[in-house]
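Asker: Can you keep this structure in mind? I'll have questions shortly.
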Amino acid sequence: MYILAFETSCDETSVAVIENGKSILSNLVESQVKIHNKTGGIVPEVAAREHLKCISQLTNKSLEIAKLQLEDIDCIASTMGPGLPGALIVGFSFARSMSYSLSKPFIPVDHIEGHIAANWLEDQSPELPAVALVVSGGHTELILVKENLTFERLGGTRDDAAGEAFDKVSRMLDAGYPGGPAISKLASEATSMNLKFPRAWLRNTNDFSFSGLKTAVLNYIKNEPNSSAQEIAWAFQDSVVDVLTKKTIDAAQAIDAKSIIIAGGVAANKDLRNNFLQKSIIPVHIPAPALCTDNAAMIGAAAFNHIDQAILPESIIDIYSTMTRGELFLDKK
């Protein structure tokens, strides 16, 4: 089963070919970091235009690397949300149109489910039930992954996502964009590790909050203008990593989960990865860093789990509403 998958939810254009939901035959990513670094953040309209510029060429190159022709593809998949609307429409419309013109089944994929599915690529196979921490620029979610690969939301951020907080603190320190790698690099250069920022534990919940931490960092910088940016970055990162790790492990232990899954762009953070591996007695699964950030391989892996729900070619013309259905798989009860 060959799936041609597209991901354009934010500022990476990605096209991949996945075999049987696990094997990556190709996975190309065109990043827009240099473009958005000029403005210190993503400009949605610019992101959408950049996707338009390269999606066709990436598709051809991805098929070439996979050594396949379009007629060899069994199914086409694309991220349907959540994400930046303009960016999503580029990939979703391109994939849907290709599916219709080639008479290939189409599968719209939830972006968050895609991040979780990355943990089944490259011969990984987490034991279920599992607790998944999806942590990225726009999302900080704790999700129960049940044995039948259905999902239940256990908790999430009440304000800033962790990745969003990284971006904002990086801006405070003039460290650059994107904030995650910039803060991580600064933190690794810290020579003093005595500073400690607050942790918002939100006791008896599976929720997170990073707004107060962000404010604490801002106030500290204002009150201590000559303080070390490296130490501030280290203390900020230490607070985020501490909260994410402890609350995820506690949630997993509370439901007797057989494994913990970490996913999303922030999962590429070396300190977060090491902290989980050192502190959890429950097996921890984390994709390779390249599969943590937005990529189409994860979309293809998630699509494989919904082959029986694929939209047939004759119905593709009527699925405009799928872009506005909201969260595709999360049970918020």
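Asker: Given the range 204-298, what helices (runs of 4 or more DSSP H) lie entirely inside it while holding 1 or more residues that are free of Cβ contacts under 8 Å to residues at least 60 places away in the same chain and within 27 Å of Lys22 (Cα to Cα)?
Answerer: Output list reads 229-254, 270-279, 289-292.
Asker: Same structure again: Hey, Leu52 hits all of (1) touching a residue at least 24 places away in the same chain (Cβ under 8 Å); (2) in contact with a Leu (Cβ under 7 Å, 6 or more places away or on another chain); (3) over 30 Å from Met172 (Cβ atoms) but one; which does it fall short on?
Answerer: (2)
Asker: For the range 140-161, give me the residue count where each residue is in a loop (DSSP other than H, G, I, E, B) and either of a type in the set (A, V, I, L, M, F, W, C) or surrounded by 22 or more Cβ atoms within 10 Å (Cβ to Cβ) (or both).
Answerer: Selection size over the range 140-161: 2.
Asker: A further question on this structure: Checking Gln309 against (1) surrounded by fewer than 21 Cβ atoms within 10 Å (Cβ to Cβ); (2) assigned by TED's automatic domain parsing to the domain that holds Ser136; (3) not β-branched (Val, Ile, Thr), only one condition comes out false. Which one?
Answerer: (2)
Asker: Could you check, for the range 228-249, whether at least one of its residues is modelled with pLDDT under 95 and outside the structural domain of Val33 (by TED's automatic domain parsing)?
Answerer: No, there is no match, as no residue in the range 228-249 is modelled with pLDDT under 95 and outside the structural domain of Val33 (by TED's automatic domain parsing).
Asker: Please verify whether Ala47 is crowded, with 20+ Cβ neighbours inside 10 Å, under 26 Å from Ile307 (Cα atoms) and among the aliphatic types (A, V, I, L, M), treating the condition exactly as stated.
Answerer: For Ala47, the condition - crowded, with 20+ Cβ neighbours inside 10 Å, under 26 Å from Ile307 (Cα atoms) and among the aliphatic types (A, V, I, L, M) - is not met.
Asker: If only one of Ala233, Ala216, Ala229, Ala268 is surrounded by 14 or more Cβ atoms within 10 Å (Cβ to Cβ), closer than 22 Å to Gly176 by Cα, among the small types (Gly, Ala, Ser) and touching a Cys at 6+ places or on another chain (Cβ under 6 Å), which one is it?
Answerer: Ala268
Asker: Filter the helices (runs of 4 or more DSSP H) completely within the range 14-130 down to those with at least 1 residues that are under 30 Å from Ile255 (Cβ atoms).
Answerer: Filter on the range 14-130 gives 111-117.
Conditions (1) under 12 Å from the mean Cα position of the chain (by Cα); (2) of a type in the set (Lys, Arg); (3) modelled with pLDDT under 95, marked per residue:
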position: Tyr100; (1), (2), (3): no, no, yes
position: Ser103; (1), (2), (3): no, no, yes
position: Val131; (1), (2), (3): no, no, no
position: Ile143; (1), (2), (3): no, no, no
position: Arg153; (1), (2), (3): no, yes, no
position: Gly163; (1), (2), (3): yes, no, yes
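Asker: Still on this structure: How many residues does the range 171-203 hold that are buried (at least 16 other Cβ atoms within 10 Å of the Cβ) and either in a helix (DSSP H, G or I) or not small (Gly, Ala, Ser) (or both)?
Answerer: 15
The values are calculated or read from the model by the stated rules, or taken from the named source; none is laboratory data. Just so it is clear, the model here is predicted, and its values are computed rather than measured. No Cβ is skipped: glycine too gets one built from the backbone with ideal geometry, and neighbour counts run over all protein chains shown.
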